[in-house]
1. Over the range 1-146, what lengths in whole Å, largest first, do the semi-axes of the equivalent ellipsoid take, defined as the square roots of 5 times the eigenvalues of the alpha-carbon gyration tensor?
2. So which of Lys199/Lys357; Lys125/Lys232; Lys142/Lys358; Lys186/Lys209; Lys21/Lys142 end up more than 22 Å apart, counting from Cα to Cα?
3. Need the C-alpha centroid separation for the range 104-120 versus the range 212-231, integer Å.
4. At a threshold of 8 angstrom on Cα-Cα distance, excluding pairs fewer than six apart, so keeping six or more, what relative contact order does the range 1-160 reach in percent?
5. Counting Lys +1, Arg +1, Asp -1, Glu -1, what net charge surrounds Glu184 among other residues with beta carbon under 14 Å of its beta carbon?
6. Excluding Met1 itself, calculate the net charge of residues whose Cβ lies under 10 Å from the Cβ of Met1, where each Lys or Arg counts +1 and each Asp or Glu counts -1.
7. Return the whole-Å distance between the Cα centroid of the range 232-256 and the Cα centroid of the range 337-382.
8. Return the single residue from Pro167, Pro280, Pro49 with maximal mean-square fluctuation; model: Gaussian network over the chain, springs between Cα atoms under 10 Å.
Amino acid sequence: MNILNVGTYSPQQCGIASFSKDLRDNLMRLGERISIATVFDPHCIYHYPNEVTFLIRQTHKKDYVSTANAVNRINGIDLVIVQHEYGIYGGADGCYLLDFTSLLEKPFVLVTHTVLPTPTAGQRKVLSNLCRQAAAVVCMTKTSAVLASQVYEAASEKVYIIQHGVPTFQKRNRDLLKREYGFEDKDLITTFGLIGPGKGIEIGIRALKELVARHENLMYLIVGRTHPQLVKNEGERYREMLMDLVIDLGLQDNVTFINRFLEPEELGNYLYMTDIYLSPYPQADQAISGTLAYALGCGRAIVSTPYPYAQEMVAQGQRGLVAADAAPNSLAELLNRILSQPDLKLILEKRAAKLGKKIKWPYIAQQYAALAESILNSKMAAI
């Protein structure tokens, strides 16, 4: 099959770009041919790889139209995969994407990364129209699939659940990694990803304050650079606030900021040396967390706030502990439980690893390939 993926793309540094790159690479390994249409901020300069054949300036409506017309003229594109996330497409609530899909004459699969339970009128209108036009709608959890049908009126027969993929990181020994990175004899709690106010890292720092008296070797690793769009709009204000909070709480010896966007190999190292992965999202409607999926893929014990993805992927399978709310004391209680019970940590790790094997990218890519093939076969049968 010849497939075009639409979304952000590496070397852009965001979750959708990483997802698109992983999906493309793993579909290629299955023998599919994948090209890329990338949406980008025209004020930024990116050096894209050869597979990027279409450039869509985020804020230029005409680029969405011209790209759709070009795709229609190319016989070598059989199907389009559209990555949908609020904020990466231009127009109100990303409505410029509709200018692309409404003109598209090729079937497309809509991959939903955020399915809000209580959208604004504009958010609901955009995603409802995309669901109606799509040949298939991919959701990453059962909760999101229900919302797609009930809130956004996606026809239930074209809603599919394919979980968020996880890279196949090279597994390494935790103690050896800690020694290599200078964290020998430390109990490591880790949060990773692009840094911004919606990540709730200040909640994690305040939770740590309640633990250091009981666990003197505790270290909280905050891994990742500030989201580029946030840096563009307001600089490093949020990170500086976090650093000031660390000083105010006297946690300078217990918090380390790794202010870089990590490539997969190094990210895998940080995850495999982690004792507990902390996911402190403050929003109750956080639909999907690629970072939490990565932690599951590496078989880490997890403590999380109670957003839907964590409830479904962690709590229901007892692969970690999910707090009753997003309060620091609630997270601290659960972190202390795992830190105080090595046998519990081992049980949680084994359960997380069991699921992690099923969400590695090679397995997830097979599901996308099968879905694409079924759509094209149905199209041929209808001719």
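Rule-based calculations on the coordinates, nothing more; no lab input. Small disclaimer: the values here were computed from a predicted structure and weren't measured. All Cβ positions, even for glycine, are placed from backbone atoms using ideal geometry, and neighbour counts span all protein chains on display.
1. Details: eigenvalues 92, 62, 52 Å².
Over the Cα atoms of the range 1-146, the ellipsoid semi-axes are 21, 18, 16 Å.
2. Numbers: Lys199/Lys357 26 Å; Lys125/Lys232 29 Å; Lys142/Lys358 16 Å; Lys186/Lys209 16 Å; Lys21/Lys142 24 Å.
In this structure, Lys199/Lys357; Lys125/Lys232; Lys21/Lys142 exceed 22 Å between Cα atoms.
3. Answer, in whole Å: 33.
4. Details: 287 pairs, mean separation 29.1, N = 160.
Taking the mean separation of contacting Cα pairs over the length of the range 1-160, I get 18 percent.
5. Details: positive: Arg174, Lys178, Arg179, Lys186; negative: Asp175, Glu180, Asp185, Asp187, Asp275.
Residues close to Glu184 contribute a combined charge of -1.
6. On the way: positive: Arg33; negative: Glu32, Asp78, Glu373.
Once positives and negatives cancel, what remains is -2.
7. Here the two parts' Cα centres lie 35 Å apart.
8. Result: Pro49 has the largest fluctuation of those listed.
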